[in-house]
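Structure, as structure tokens:
The values are calculated or read from the model by the stated rules, or taken from the named source; none is laboratory data. In this text, all values refer to a predicted model and were calculated from it rather than measured experimentally. Ideal geometry is used to build each Cβ from the backbone, glycine not excepted, and the neighbour counts take in all protein chains shown. Quick note on the areas: whole protein, heavy atoms, side chains included, nothing else; ligands and nucleic acids left out. Shrake-Rupley method; radii C 1.70, N 1.55, O 1.52, S 1.80 Å.
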Amino acid sequence: MTLQTADISVVIPSFDRKRLALETVQSVLAQSVAVREIIVVANGSEDHAAFWNAHSSDRVRVVRIAPIGKQAARNAGIRAARGAWVATLDDDDLYLPEFIASVVPAIEDGRADLISTDHRKFSPERDDRLTNFETAPARYWSGIRPADPSVPWSLVGKFPLPLLLKRVPAYPSTSVIRRDFALAIGGYNPAMNGILSEDLEFLIRALSQGQLALVWQPLVRYRKHAGNDTSSKLGRAIGRWRIFEFARECHSILPDDFRAALDRDLPARRRKIFRIAYDTGDQALMDEVWDKLRRSHRTPAVWLRRLSAKFRALESGKTMLRARPDRLQPEVECA
């Protein structure tokens, strides 16, 4: 790695979003420190792939795969990467010009497996006033963030995973990861495709097994628009519940403190999701949560909601909804 070029491959999965994705690529090309390569994983239509082939260059490489989901697209890009480090940038987000330069010191330090920066959400109308790190709950960063605000980055080491139940500190677009480490932990899980917050499952595995460094500046612009799910609070709540259920059941490498925290957290989270399912009339989701509720948590109020929903469905003459195939169901086998 030199000051002029960082040994980083930036992987950008793109599904039929040419205009936004081109802005994303341009934000990488505008870095004050260049990257080894940009890999656009075109997993959309033939026209989409042809567009990216026309924009390929010595800096931009195109990998074409079938449209089978963002998880598989990220994995294809990681496998194709030539850099020792991989940055996974979504095709609607943007790097600020110093993003790569700011992660280089943590890379050169040599101890971290995963490095993430802060980010700020934006829309066509305005930028959010506060960043992701700044909106964390009180005392979230206690013992993690240096007391000196001028420190640009710090090695966290093993991140306290119970904090994930309150706030997610790293996202694909804000992160760079050792390529060999990403492959060693199995990459992104395609079974999570269609679940909002699906990348949280990968993050849990990465933080359980690796060392984290954090760059404290917001160096990614995280886009909010009609074509993404950033603004879907209910969807994100449901998605994170599914991921936490999956991790508790299927991840054998969870630290004991996180497993215990999940055992304390999940009963209340299930009841919350059950209320959401009832309020939105989503019978399939209600059945999914019901199977997870312990008998001791099936309170009279919960039973009443379930019976009311069943009666409402019968009264309307509708067939009971079946769970959508992209939902994480209790019968999904652990990989």
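Of note:
- All of SER208, SER175, SER197 fail the test of being over 19 Å from ASP265 (Cα atoms) and not aliphatic (A, V, I, L, M), apart from SER175.
- Screening the candidates ASP118, ASP127, ASP109, ASP113 for the property of being over 20 Å from the mean Cα position of the chain (by Cα) and within 27 Å of ASP7 (Cα to Cα) yields one hit, ASP109.
- Residue that is out of contact with any strand residue (DSSP E or B) (no Cβ under 8 Å at 6 or more places or on another chain) and over 24 Å from THR131 (Cβ atoms), where the choices are ILE68, ILE39, ILE78: ILE68
- Tabulated pairs, region 130-152, first closer than 11 Å to LYS166 by Cα, second open to solvent by 80 Å² or more (accessible area, probe 1.4 Å) and in a loop (DSSP other than H, G, I, E, B), C-beta under 9 angstrom, 6+ apart or interchain: ALA136/LYS166; PRO137/LYS166; TYR140/LYS166
- Odd one out for SER102, checked against (1) surrounded by 18 or more Cβ atoms within 10 Å (Cβ to Cβ); (2) more than 29 Å from LEU165 (Cα to Cα): (2)
- Per-region count, region 128-172, residues surrounded by 16 or more Cβ atoms within 10 Å (Cβ to Cβ), in contact with a Ser or Thr (Cβ under 9 Å, 6 or more places away or on another chain), over 19 Å from LEU203 (Cα atoms) and not charged (D, E, K, R): 1
- Extreme residue, nearest to TRP241 (Cα to Cα), among residues of region 254-292 that are of a type in the set (Val, Ile, Thr) and open to solvent by less than 40 Å² (accessible area, probe 1.4 Å): ILE273
- For region 145-172, the set of residues classified as under 18 Å from LEU219 (Cβ atoms), more than 17 Å from the chain's Cα centre (by Cα) and not hydroxyl-bearing (Ser, Thr, Tyr) consists of ARG145, PRO146, PRO149, VAL151, PRO152, TRP153, LEU155, VAL156, listed by residue number.
Yes or no, residue by residue, for (1) touching a residue at least 12 places away in the same chain (Cβ under 8 Å); (2) basic (Lys, Arg); (3) in a helix (DSSP H, G or I):
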{"position": "ILE8", "(1), (2), (3)": "yes, no, no"}
{"position": "PRO13", "(1), (2), (3)": "yes, no, no"}
{"position": "GLN26", "(1), (2), (3)": "no, no, yes"}
{"position": "SER32", "(1), (2), (3)": "yes, no, no"}
{"position": "ALA49", "(1), (2), (3)": "yes, no, yes"}
{"position": "SER57", "(1), (2), (3)": "no, no, no"}
{"position": "ARG61", "(1), (2), (3)": "yes, yes, no"}
{"position": "ASN75", "(1), (2), (3)": "yes, no, yes"}
{"position": "GLY83", "(1), (2), (3)": "yes, no, no"}
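- Members of region 1-30 found to be farther than 15 Å from GLU98 by Cα, of a type outside the set (Phe, Trp, Tyr) and open to solvent by 70 Å² or more (accessible area, probe 1.4 Å), listed by number: MET1, THR2, ASP16, LYS18, ARG19
- Enumeration of residues in region 105-127 that are surrounded by fewer than 23 Cβ atoms within 10 Å (Cβ to Cβ) and assigned to a helix (DSSP H, G or I): PRO105, ILE107, GLU108, ASP109
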